[in-house]
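Since the structure comes first, as structure tokens, the remarks are kept for the end.
The values are calculated or read from the model by the stated rules, or taken from the named source; none is laboratory data. The model shown is predicted, which means the values in this text are computed figures rather than measured ones. Counting neighbours? That spans all protein chains shown, and the Cβs are built from the backbone with ideal geometry, glycine included. Note: areas computed on protein heavy atoms with side chains; ligands, DNA, RNA excluded. Shrake-Rupley method; radii C 1.70, N 1.55, O 1.52, S 1.80 Å.
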Amino acid sequence: CSFIMLDATFVRKFPGKNLPFFQEIRDHYTTEEPLVEVALDYADVVKGTHIETTLAVSHRWMQPDDPDPDGEQLKALKGFLNSPAGKKIERVWIDSACMPQDQPKGSRSAEDAAAFKRMLKEVNRLYLGTTVLILLDMSYVSRFWTQFESWLSMQFATPDGLKPAVGTENERHHIVCIQNAAEQSELHEKMLIQSWATKTPEQAHAFLSKPDVTVTNQGDKDLQLPKIKALDATVQGAFGDISRSLEDELAASEAAAARGGEVAVHVVRGGDAKLASKLATPASEEALDEAIAAAVRGADVGRGGGGS
């Protein structure tokens, strides 16, 4: 699955009070070219391919048609990106600016609606496979999406499934308290971590299934809940796929080395000791092609009785 993301430099330097919606950025900021497409599959998630350079933002929409009316979220986001913790971030994913929005209602094209649906279906990959910035306000802990995202951000993938990341070298979430939560930031941060850091997928599923965990679109909750229960198996399957891929690569490397050894014998006979030494270790296809060509040239010379 691929996701559209914002170039972090664009966000750091953005002069406005709040970020525009995706369609406005795509259609009106063509000179800056701030949007980049990034592939992110479960192999990337379990290998941590994007953790150092990619940031996913977990935040609540303050109004149904405007996630950040007073600009506090963008202010917090820019503050993080310009801090030591955010200096290596190259790409930012935030839903309002990276997914086609239906604002005003009914304005989203069929193509954009299909892209939105495709990305929404796999959005859990972002919060499992990137660094996550949680913008915590007083109502954050009542919403389905934000709690789901915070739980994902506090886990890391292992061959045995998901394990708690908080307090380990695999910790990758950052919390910035905004709005009224900023008054007692340490308390709110501690409560969020205590609520989610050690929950298993089964416990997370049971909690998020409760009716007091609200969501704007019930269909989103119905779509994501079954995936939570299956996450351990999904992660284990991804590790299994990687293991099989590595085994295939190792077998191919060993076969290439064997072919290289056979070719090296012919090269030595042709007098190219340097190339023969290069072939003594597992060879690249380019080196093998070079060796084969050299061997063929030697055979041609032998048949012709001499060079030009």
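Of note:
- Residue check, T214 at pLDDT 70 or above, closer than 24 Å to L136 by Cβ, open to solvent by 40 Å² or more (accessible area, probe 1.4 Å) and touching a Lys or Arg at 6+ places or on another chain (Cβ under 7 Å): yes
- Some residue of segment 81-90 being in contact with a strand residue (DSSP E or B) (Cβ under 7 Å, 6 or more places away or on another chain), modelled with pLDDT of 95 or more and buried (at least 23 other Cβ atoms within 10 Å of the Cβ): no
- Yes/no for A197 being over 24 Å from the mean Cα position of the chain (by Cα) and more than 24 Å from D41 (Cβ to Cβ): no
- Any hit, segment 143-151, residues being open to solvent by 30 Å² or more (accessible area, probe 1.4 Å) and either over 20 Å from P84 (Cβ atoms) or not hydrophobic (A, V, I, L, M, F, W, C) (or both): yes
- Segment 19-50: number of residues that are surrounded by fewer than 18 Cβ atoms within 10 Å (Cβ to Cβ) and either of a type in the set (D, E, K, R) or in a loop (DSSP other than H, G, I, E, B) (or both): 14
- The set of residues from segment 217-242 being among the β-branched types (V, I, T), buried (at least 16 other Cβ atoms within 10 Å of the Cβ) and either touching an Asp or Glu at 6+ places or on another chain (Cβ under 7 Å) or farther than 13 Å from F148 by Cβ (or both) comprises T234, V235.
- Pairs with Cβ under 7 Å, 6+ apart, first in segment 1-29 and of a type in the set (A, V, I, L, M), second open to solvent by 60 Å² or more (accessible area, probe 1.4 Å): I4/E37; A8/E90
- Looking only at segment 51-70, and only at residues there that are in a strand (DSSP E or B) and surrounded by fewer than 16 Cβ atoms within 10 Å (Cβ to Cβ), the one that is nearest to the chain's Cα centre (by Cα): D66
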